[in-house]
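To keep things clear, I will list the structure first and then write my remarks on it.
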Amino acid sequence: MLTSKKHIPIFLRTLLIIGFGYFFWLMLKITLEYIPFDPNVSFLMIKQTEVQDRPEYLPFFYTHVYTSIFVLLSGFLAILRKDFGLKSFHRNMGKIYIFLILILAAPSGIYMGYFANGGFLSKISFIILGSLWWFTTYKAYQSARQKRFKEHKQWMWRSFALTLSALTLRIWKVIIVYLFHPNPMDVYQIISWLGWIPNILLIEYLITKKHL
């Protein structure tokens, strides 16, 4: 019985790693669509107004897309809290994760939010998401610097829950389109909120129940 209980967390962690690996691979495929630079592929096909009228749009877009894939990977490796036999691996992954979000991914994401599809509701959601992403990551950095490591761990989980919105909003999009076939603009409005609010609520619940 004890052996069985001991193996449950190992099974769940293995399942988590496999699941993350699959969705990370899907995100990597999306990222690779924008290499080399081509403003006439995939998502950019419906953003031609911004591409043509705003010279800063593409640099912000590519910054967000290219850094986000590394944010996903470094964040996942950091929250595993393993060094894998490498000195300070967890700490270094955390540094990469925090630097990329604070300096590149979150600021570019907030900028992208101003031009989100779906109108005002989508725009405000993505701007709030980007701002919370920056704030929670900064708090994780600040608490680590002050050696408040329990708080650091909790803020990192909050930050990573928001990072995972890149995956969860796409999952929700597939589910909603498959089940309800709504108008495309309605889909953007729904997933812009659904992609991150359940994530952060789940993490807050787990923190409140002292599971994290």
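The values are calculated or read from the model by the stated rules, or taken from the named source; none is laboratory data. Worth saying up front: this structure is predicted, and the values here are computed from it rather than measured. Counting neighbours? That spans all protein chains shown, and the Cβs are built from the backbone with ideal geometry, glycine included. Note: areas computed on protein heavy atoms with side chains; ligands, DNA, RNA excluded. Shrake-Rupley method; radii C 1.70, N 1.55, O 1.52, S 1.80 Å.
Cut-off 10 angstrom, C-alpha nodes, Gaussian network model of the chain. Which of Val71, Val41, Val51 fluctuates the most?
Val41
Can you give the angle from 0 to 90° between the axis of helix 2-32 and the longest principal axis of the chain, with both taken from C-alpha atoms, to the nearest 10?
Helix 2-32 sits roughly 20 degrees off the main axis of the chain.
How much length is gained if the chain between Gln146 and Asp38 is pulled fully straight, taking 0.36 nm per residue apart and subtracting their Cα-Cα distance, in nm to one decimal?
Computed gain between Gln146 and Asp38 is 34.5 nm.
Using a 1.4 angstrom probe on heavy atoms only, work out the carbon and sulfur share of the accessible area of the chain in %.
With neighbouring chains kept in place, the figure for the chain is 70 percent.
Viscosity 1.306 mPa s, temperature 10 °C: Stokes-Einstein D of segment 9-106 from its Kirkwood Cα radius, in µm² per second?
The diffusion coefficient I find is 104 µm²/s.
Compute, for segment 80-212, the length of the dipole vector about the Cα centre, with Cβ point charges of +1 (Lys, Arg) and -1 (Asp, Glu) only. Units Debye, rounded to 20.
It works out to roughly 800 debye.
Given springs between every Cα pair under 10 Å in a Gaussian network model of the chain, which of Thr31, Thr168, Thr136 has the largest fluctuation?
For the chain, modelled as a Gaussian network with Cα springs under 10 Å, the answer is Thr31.
Please check which bits of segment 184-208 a label hung off Leu121 would reach, taking the label as a point 7 Å along Cα-to-C-beta and the cut-off as backbone N under 19 Å.
Residues 184-199 qualify, since their backbone N sits under 19 Å from the label point.
Nearest 10 degrees, 0 to 90: what angle lies between the long axis of helix 197-208 and the longest principal axis of the chain (Cα atoms)?
The helix 197-208 is inclined about 20 degrees to the chain.
What accessible area, in Å² to the nearest ten, does a 1.4 Å probe give for Asp83?
Asp83 has an accessible surface of roughly 70 Å² with all protein chains in place.
With a 1.4 Å probe and all protein chains kept in place, how do Phe60, Phe126 rank by accessible area, largest first?
Highest to lowest solvent-accessible surface, that is Phe60, Phe126.
Skip the ligands, DNA and RNA, and give the accessible area per residue of the chain with a 1.4 Å probe, whole Å².
Per residue, the chain has 60 Å² of solvent-accessible surface.
From the protein chains alone at 1.4 Å, what is the descending order of accessible area for Lys95, Lys139, Lys82, largest first?
Largest accessible area first, the residues go Lys95, Lys82, Lys139.
Between rounded, prolate and oblate, where does the chain land on the alpha carbon gyration tensor, with a ≥ b ≥ c its root eigenvalues, rounded for a/c under 1.5, else prolate if a/b exceeds b/c?
prolate
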